[in-house]
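The values are calculated or read from the model by the stated rules, or taken from the named source; none is laboratory data. As the structure is a computational prediction, the values presented were derived from the model and not from experiment. Cβ sites come from the backbone with ideal geometry, for glycine too, and all protein chains shown count toward neighbours. Heavy atoms of the whole protein, side chains included, go into the accessibility calculation; ligands, DNA and RNA do not. Shrake-Rupley method; radii C 1.70, N 1.55, O 1.52, S 1.80 Å.
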Amino acid sequence: MSLSGFDKRFDDLRDYILKITEWIWEGRGIDLIRDYYAEDCPVKTPAGAFSGVEGVIRGTLETLQEFPDRTLLGEDVIDSEDAPGTYYSSHRIFSHMTHQGHGAFGAPTGVRAGVMTVADCLCRGDRIVDEWLVRDQAGLALQLGHSPEAMGQALAEKAPMPGREALVDRWRGPEGDLDIEALGPVAERYRDLWQHGRLERLRTGYDRAIDAKVPGARTLRGHDDLERFWFGYKAAFPAGTFRIHHWIDREEAGSPRRIALRWSLETAHQGGGVFGPASGAPVVLLGITHAELRGDVVVREWHQLDEIAIHAQIAQHRSS
């Protein structure tokens, strides 16, 4: 995919995203953020949101203070051109890092951890102009010896979570909410699973040797592991309204079919599952999912959700 309006040094959007990520983080080119992010770029995560390139710089420096040896290994960039000169990337990253400084995860532990992140970026004119990012914060917390539930409680006390409507709106892009049926059977299956709890769709829609990465730095192999993950979530959140806010479906010669979707589930904490006893809390799950498929059957999958932000919503409701 050639790039209109971008520096000629970049071959395509994948090349652009991988190179600027390496230059900024591992090359310590922090000042390059001003070159490759729009001055007023919004950055949204399940735990918070801000606008402005100086906030991106501040967040980068704070992370490097806590994890100075952090690497960002780009596993995949699933991309699309949504309009002439306007490009979307969904960038999956695996990071190794050692907890060597004070910060959001407390006093340094010296523990070396590995964590998955997915970032959706809207790019135009050689710059990132909008970004949505999910990191497996619970997986990182567990590796450093912290309780995701306790960290959720602390997050709720530090920065109150907004209401459900505001959280869903945070996850929307210029396209709003997409027509799931128009996206096809794979999108409909995700809706059936998250919104309606139709767990029979797992065995028909997933390969028997499914390899899935899910929050908590966990790897699932096979239908039994996959079902246990879904039982935990659907016990806690049995019903809700599932929306897809962005969708990329790529098929290229010599590669599996690859899908990236940014989605939300507006729900309530109605049952005892992986998030503790039912609280009745209004909750919004903000996720990004990548999948590799054979036809319509998922062979590999990556679900990114910030479980600490989910715990924060529940903790805030319990204390209200």
How many times 2.2 N^0.38 Å is the alpha carbon radius of gyration of the stretch 266-317?
1.43
Would you mind counting up the charge near Ala239? Only other residues with Cβ under 15 Å from its Cβ, with Lys and Arg at +1 and Asp and Glu at -1.
+3
I need to check one value: relative contact order of the stretch 246-286, counting alpha carbon pairs closer than 8 Å and at least 6 residues apart, in percent.
33
For the stretch 200-247, just run the numbers: alpha carbon Rg, then divide by 2.2 N^0.38 Å, N being how many residues it has.
1.25
Rolling a 1.4 angstrom probe over the protein chains, ignoring ligands and nucleic acids, what is the accessible area of Ile248 in square angstrom, nearest 10?
10
Relative contact order, percent, the stretch 36-97 [alpha-carbon distance under 8 Å, six or more residues apart]:
25
Using the C-alpha gyration tensor of the chain, what are the square roots of 5 times its eigenvalues, in whole angstrom, with the largest one first?
28, 25, 19
Report the label-to-label distance for Ser4 and Thr98 in nanometres (one decimal), using points 7 Å from each Cα along the Cα→Cβ vector.
4.8
Relative contact order for the chain: what is it in percent, counting Cα pairs under 8 Å that are at least 6 residues apart?
16
For Arg250 and Glu75 in the same chain, what is the full-extension length gain: residue separation times 0.36 nm, less their Cα-Cα distance, in nm?
61.4 nm
So, over other residues within a Cβ distance under 10 Å of Cys41, counting Lys, Arg +1 and Asp, Glu -1, the net charge is -3
Extension gain, Asp31 back to Glu188 (0.36 nm per residue minus Cα-Cα distance, nm):
52.2 nm
Could you give the length gained on full extension between Ala107 and Arg198, defined as 0.36 nm per residue of separation minus the Cα-Cα distance, in nm?
28.4 nm
Binned at 10 Å from zero, the C-alpha pair distances of the stretch 37-122 give percents of 16, 38, 36, 9, 2
So, counting K/R as plus one and D/E as minus one, what does the shell of residues with Cβ under 12 Å around Leu144 add up to?
0
